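Reading through the structure tokens given below for one structure.
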Amino acid sequence: MPFGLLKYGLLPRYPVRRQLPADRDLKPAYDVVIIGAGGHGLATAYYLARDWGITDVCVLDKGYLAGGNTARNTAIIRSNYLTPEGVRFYDESVRLFRTFSNDLGYNILYSERGHLTLAHTDAALRTMRWRAEVNKHMGVDSELVFLDDIARLCPPLNLSDDVRYPILGALYHAPGAIARHDAVAWAYAREAANRGVEIHQRTEVTGIRQSDGRVTGVETTRGPVAAGRVVQAVAGSSSLLAAMAGFRLPIRTIPLQACVSQPLKPFLDPIVVSGSLHVYVSQTPRGELVMGGTTDPYALYGTRSTLAFKETLMADLLELFPFLSEAKLLRQWAGMTDMTPDFAPVMGLTPLEDYFIDAGWGTWGFKATPVCGKRMAETVARGEVPDILEPFRLSRFRDFVQLGEKGAAAVGH
Ligand code: PYC
């Protein structure tokens, strides 16, 4: 077997198929520079090339491809939001995700599981009912369910009333899904590169060049690059980059930790979320439980893992699934989440002309990757914000027309 592999490895008849072209020099100028080679930046590059024929595009990243929050989220996809604007936006993303593997020729292991958000109090039940009504009104499949249905949808869940927070009901969202998160970024990267987009990793942007209120390019650790249009898509560093561009964002950057267990036999079909207990959990096709909770209690630019997070999360998780007490944890990590005051993202134009923003993704950015890429590409190509993105404009904070999406965040933050 090793000799067979060696033979194929060395024979020129079997060249290794590169996923991405080899590194090359940075050009002095591009039509569009995208800062951030995470899912959102790469998706924007892909749709710019595919839908608008704009291929003189380079994507820059100070680290490596999809090494930021794209690699650090818990890969949940859903559209059961609270505001009509949010539901409409995330529903388009769910529809793009459903056909993603076929459309891009890359298997992202999209797995529709259903999504249960548990209510342990009357107030939480009221919010779930509200979300169900808004969702149905917008054509999204969500309903309020009670104990018999919850027992059928998720038999292992502890429905006893002899616990700290007995479960009273839940919001059930059948389209809730998970996917292989990094495959999403790899697919966009490969297909963007196939269309001529350049991806430059380990190339940090250190300044934004501007003249007369308009962006003219970026400074990088590999020299200056001129650009007609620039997009920033750098979750975790959004405020820092915006400051370089000369404007402020209403964002606090807070770590969010998560972890996975050892692989277990499949027992958990739906994604289960409890806002009161601060827990969300799903089981991957490999059998690992992917688990997370609330954000860290303080703002920080850091991705360290803490014992406090693990201990609290496990105590809360065991209230829902007591039989997991002997399960082992495999690994733990953190990402940096850019939290806005209204728990909704910021997309579109900025005070600097031709400088576009994709930020404020808090703990919900992965699920928006396709729709954000598609609609940001449209914004950049046309220089106009499409209706679906308009509610997420940066100026809403100045004009006091915030979105109020906190009730639909996965857990209380
Ligand atoms: O918005 O579904 C979500 C989510 C899950 C984990 C963190 N955010």
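Table for the structure above
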quantity: Contour minus Cα-Cα distance for Thr221 and Asp23 (0.36 nm per residue); calculated: 69.7 nm
quantity: Segment 195-309: relative contact order as a whole-number percent, Cα under 8 Å and 6+ apart; calculated: 18
quantity: Under Karplus coefficients 6.51, -1.76 and 1.60, residue-wise ³J(HN,Hα) of segment 44-51 in Hz, glycine/proline x; calculated: 4, 4, 4, 6, 4, 6, 6, 8
quantity: Over 25 Å (Cα to Cα) - which of Lys62/Lys310; Lys136/Lys265; Lys265/Lys328; Lys62/Lys406; Lys136/Lys367; Lys27/Lys367 fall in this group; calculated: Lys62/Lys310; Lys136/Lys265; Lys62/Lys406; Lys27/Lys367
quantity: Amide hydrogen neighbours beyond the local backbone of Gly169, cut-off 5 Å, H modeled; calculated: Ala119
quantity: Other-chain or far-sequence residues with amide H under 5 Å of Val231's (modelled H); calculated: Val33, Ile34, Ile35, Phe356
quantity: Largest-first ellipsoid semi-axes for segment 299-413, taking √(5λ) over the Cα gyration tensor eigenvalues, angstrom; calculated: 36, 15, 14
quantity: Hz values of 3J(HN,Hα) by residue in segment 372-386 - Karplus curve (6.51, -1.76, 1.60), Gly and Pro given as x; calculated: 5, x, 5, 7, 5, 4, 4, 4, 5, 5, 9, x, 9, 8, x
quantity: Relative contact order (percent, whole number), the chain, Cα cutoff 8 Å, 6+ residue spacing; calculated: 23
quantity: Sorted by Cβ density within 10 Å, fewest first, the residues Met339, Met128; calculated: Met339, Met128
quantity: Exposure proxy ranking, count of Cβ atoms within 10 Å, fewest first, for Glu204, Glu405; calculated: Glu204, Glu405
quantity: Given charges at beta-carbon only (K, R positive; D, E negative), |dipole| of segment 24-113 in Debye; calculated: 300
quantity: Stokes-Einstein D for the chain, Kirkwood Rh over Cα pairs, 10 °C, 1.306 mPa s (µm²/s); calculated: 72
quantity: Mean shadow area of segment 1-83 over all directions, Cα convex hull, nm²; calculated: 10.4
quantity: Size of charge dipole - the chain - debye, nearest 20, with Cβ of Lys, Arg +1 and Asp, Glu -1, no other charges; calculated: 1120
quantity: Mean Cβ neighbour count within 10 Å, used as a protection proxy, ranking 43-54, 8-19, 261-272 highest first; calculated: 43-54, 261-272, 8-19
quantity: Charge dipole of segment 1-158 about the Cα centre (unit charges at C-beta), most positive-ward option of Ala124, Ala43, Phe89; calculated: Ala43
quantity: Arg222 long-range amide H proximity, modeled H, under 5 Å; calculated: Glu204
quantity: Peptides 178-184, 281-287 ordered by average Cβ neighbours within 10 Å, highest first; calculated: 178-184, 281-287
quantity: HN-Hα J in Hz across segment 127-139 - Karplus 6.51, -1.76, 1.60, θ = phi - 60°, x for Gly and Pro; calculated: 5, 5, 5, 4, 4, 4, 5, 4, 4, 4, 4, 8, x
quantity: Computed over segment 118-204: relative contact order in percent, which uses C-alpha pairs under 8 Å that are six or more apart; calculated: 32
quantity: Ordering of 395-401, 310-316, 368-374 by packing [mean C-beta count within 10 Å, highest first]; calculated: 368-374, 310-316, 395-401
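Where a number appears in this text, it was derived from the coordinates with a stated rule and is not lab data. Computed from a prediction, not measured in an experiment: that's the story for all the values here. We place every Cβ from the backbone using ideal geometry, glycine too, and count neighbours over all the protein chains shown.
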